[in-house]
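Colleague: Pasting a structure here, questions to come.
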Amino acid sequence: MTIKLRKLLSIAVFALLTPTQTLLAEAIPLDRVAAVVNEGIVMQSELTQRIAITKEQLSARKTQLPPEHILRKQVLNRLILESIQKQMASRQGIRISDGQLNGALGRIASQNGLSIEQFREALIAEGRDYKQAREQIRNELLINSVQQNFVNRRIRVTEQELNNFLNSENGKAELSAEYSLGHILIATPSQASPEIIQAAEKSAHEVYNKLESGADFSQLAVEFSNAPNALKGGDLGWRKAAELPETLGDAARKLSPAEFSKPIRSPSGFHIILMKDKRGGAVQLVEQLLVSHILLKPSEIRTSAQAKRQINQLSQRIQSGEEFTSIAKEYSDDSASGSEGGSLGWTQNGQMVPEFEQVMNNTPIGHVSAPFESRFGWHILTVLDKRTQDLGEEMQESRARAVIQKRKFNEELTNWLREIHSQAYIDIKE
């Protein structure tokens, strides 16, 4: 397998987080302090290594290198900012567990069509140190977590901003429903005779009848469709109605997931579309679960292992008949839900971290989960009820807030980085 590390890390980690840093496996024998940053230091070896990495990245993008002294200053400044942020993470108890790290590695490997083991073997084959790669990715995750934690606190989306976005043409387009579609086209020439049109219509209805009888849409697309995506099983991917021809867009709006249309006439022929799935829009039926949880966070006075032991003890007490709500009020480190007996209210996918949602979705109503870990600490949860709600309007507002917040984030991140740099004690030794 000849897969370049640049493809595996420089692209994949960049998609996950922030500008990528690959790794140099060579040790640097002589070392000294390049800068003192609050209670931490930046070593000369780190600076030399990062400069080499940055040159490699710029060369890969065919970007002209700046003068050496400018590059050195910029790289040192980045390392100083990283040191400040890692110290903030330590003070706040922000950490990246092995579970979170393995999840990130799994996503990187998957983006390159590999398993984690294949990803590890590819790195080793390139002469790279897998343990160093793991720790570099952990470092990127940690810094990203710090930035999300601190910067998002500074961002406010006003009701006026929200209403302006929802009422704008750009907002309406961005929040409109999207459809995952399959497509079969029985084409007709632009100057088709009535006989050719009738024959195409007959063929389209034969395909439709096969679908009605339970035939596989993808197989029929490969066999009969004249559309460019026929060999992909007719898959159109996710499309908004406005991105489709008007007749197809109108038909898509009327379909429910797993439904297909009757043949639709257009100048190019006869179309049959399959609604695979839909998301967004004014109507959004969502399954919600009524969930309560207990959280124990690692801290300066309690390690992750100690939190795990304690959550296991609480789980055993609940299994022995003690009230979940009482234990949540007494022990949970989630002060907001703990005061309510652990109640998180009605919850749906997309609101919680993946580890929490996986356990939540697999816990039967009325049952208590086994202890599990997320980036926040150790949990146990119980699912009390289930319902289906139309959250179209609420979800549109939530998506609009997220769009506005994302737009503001990069600007506020720049301001925040400038502030923490100016407030830090920095002594450059070079």
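Colleague: Quick one: helix 44-60 against the long Cα principal axis of the chain, what's the angle to the nearest 10°, folded into 0 to 90?
Modeller: For helix 44-60, the angle is close to 20 degrees.
Colleague: Roughly what angle does helix 116-125 make with the longest principal axis of the chain, taking Cα atoms, 0 to 90 degrees, to the nearest 10?
Modeller: Rounded to the nearest ten degrees, it is 60.
Colleague: Under 22 Å from the Cα of Lys131, which lysines turn up, not counting those fewer than eight places away in the same chain?
Modeller: Straight-distance partners of Lys131: Lys4, Lys7, Lys86.
Colleague: Say the dipole of the chain comes from +1 at the beta carbon of Lys and Arg and -1 at that of Asp and Glu; which of Asn77, Leu162, Gly249 then lies farthest toward its positive end?
Modeller: With unit charges placed on the Cβ atoms, the residue in question is Asn77.
Colleague: When the helix-only estimate is applied to the chain (DSSP H runs of n ≥ 4, each -39,500 (n - 2.57), divided by the residue count), what is the mean residue ellipticity at 222 nm, nearest 500 deg cm²/dmol?
Modeller: -16000 deg cm²/dmol
Colleague: Next question, about the same structure. Report the Stokes-Einstein translational diffusion coefficient (µm² s⁻¹, integer) for region 284-362, Rh taken as the Kirkwood radius over Cα pairs, at 37 °C with viscosity 0.692 mPa s.
Modeller: Answer from the Stokes-Einstein relation: 242 µm²/s.
Colleague: Around Met43, which amide H atoms from residues at least 5 apart in sequence, or from another chain, sit under 5 Å from its own amide H, with H modelled in the peptide plane?
Modeller: Those lying under 5 Å, H to H, from Met43 are Ala34.
Colleague: Around Leu344, which amide H atoms from residues at least 5 apart in sequence, or from another chain, sit under 5 Å from its own amide H, with H modelled in the peptide plane?
Modeller: For Leu344, whose amide H was placed from the backbone, the distant partners under 5 Å are Val291, Ser292, His293.
Colleague: Starting from the Cα of Lys329, draw a straight line to each of the lysines and keep only those under 26 Å, dropping any in the same chain fewer than 8 residues away.
Modeller: Lys329 reaches Lys297, Lys308, Lys386.
Colleague: Compute from the Cα atoms of region 145-219 the Rg and the Dmax, the latter being the longest Cα-Cα distance, and quote both in angstrom.
Modeller: 24.6, 68
Colleague: If you don't mind, there's one more thing I want to ask. What percentage of all Cα-Cα pairs in region 160-284 are separated by more than 20 Å?
Modeller: Working: 3615 of 7750 pairs.
Roughly 47 percent, rounded to a whole number.
Colleague: Also: Can you tell me the Rg and Dmax of the chain, counting just the alpha carbons, in angstroms?
Modeller: Answer for the chain, Rg first and Dmax second: 27.5, 86 Å.
Colleague: Using only Cα atoms and rounding to the nearest 10 degrees, what angle (0 to 90) does helix 98-111 make with the longest principal axis of the chain?
Modeller: Tilt relative to the chain: about 40 degrees.
Colleague: Quick one: give the max-minus-min coordinate of the C-alpha atoms of region 56-124 along each principal axis, largest first, in Å.
Modeller: For region 56-124, the Cα spread along each principal axis is 41, 38, 18 Å.
Values quoted throughout were computed directly from the atomic coordinates according to the rules given, and no laboratory measurement underlies them. Please read these numbers as outputs of a predicted model, since none were measured by experiment. Note that we place each Cβ from the backbone using ideal geometry, even for glycine, and neighbour counts take in every protein chain shown.
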